[in-house]
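Quick notes on the structure that follows.
A short reminder: the numbers here are calculations on the coordinates, not readings from a lab. Remember, it's a predicted structure, so these values are computed and weren't measured experimentally. Note that each Cβ is placed from the backbone with ideal geometry, even for glycine, and that neighbours are counted across all protein chains shown.
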Amino acid sequence: MSQDNSVPRLTEEDVQNVISSWKVVQEIGLQEAGVIVFKRLFETTPMLKEKFKFLRGEEELSDDNEHLQKHSLTVMSTIDMAVERVRERALGDLSEDLLDVGVAHHVHNISQADFAPVGEAILYTLGGALGDKFTDSVKESWIRLYTMVQVGMTPGMEKGMEGEPINLE
């Protein structure tokens, strides 16, 4: 996934694709799916492991790693929240939440460039979960939603860079 700062719009087909495909992830379990995302991320982009304090120096990535499980659930819950906003047709309500997520990512030294491999890992996980139901149309819908989430976090990351007071509660 390439970085794109233009905000895409979801079509009705995108809405249906995202909602129906996310149900499969929910059936797997958000934490379990998140662990798959992060294992794939660190398999394809191992240098990102160093950005996670709880993984620094870890050779093997265990499914039992409590911190990995917690972070996986947090990330997938954010996506779950975005999908819920899609379902409610209320994506504008996401902006404050994503602002806070962006600030938190800045504080932890995560850059915009780090989001593309995460998006690829999410697509990989969706593809594995959906099998032949992961069509080009479904993939494009998820790319648009992920881009919206990424763009929504950008102001928070920039706010953190400007040294403005931030609240991480």
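Observations, loosely collected:
- Around LYS139: net Lys/Arg minus Asp/Glu count, Cβ-Cβ under 12 Å: -2
- Subset of LYS70/LYS133; LYS39/LYS139; LYS51/LYS133; LYS23/LYS133 violating a 23 Å alpha-carbon distance limit: LYS70/LYS133; LYS51/LYS133
- The modelled label-to-label distance between LYS23 and LYS139, using points 7 Å beyond Cα along the C-beta direction, is 2.3 nm.
- Surrounding net charge for LEU41, when Lys and Arg each add one and Asp and Glu each subtract one, Cβ distance under 13 Å: 0
- Modelled label reach - HIS67, point 7 Å along Cα→Cβ, the range 14-58 residues with backbone N closer than 12 Å: 49-58
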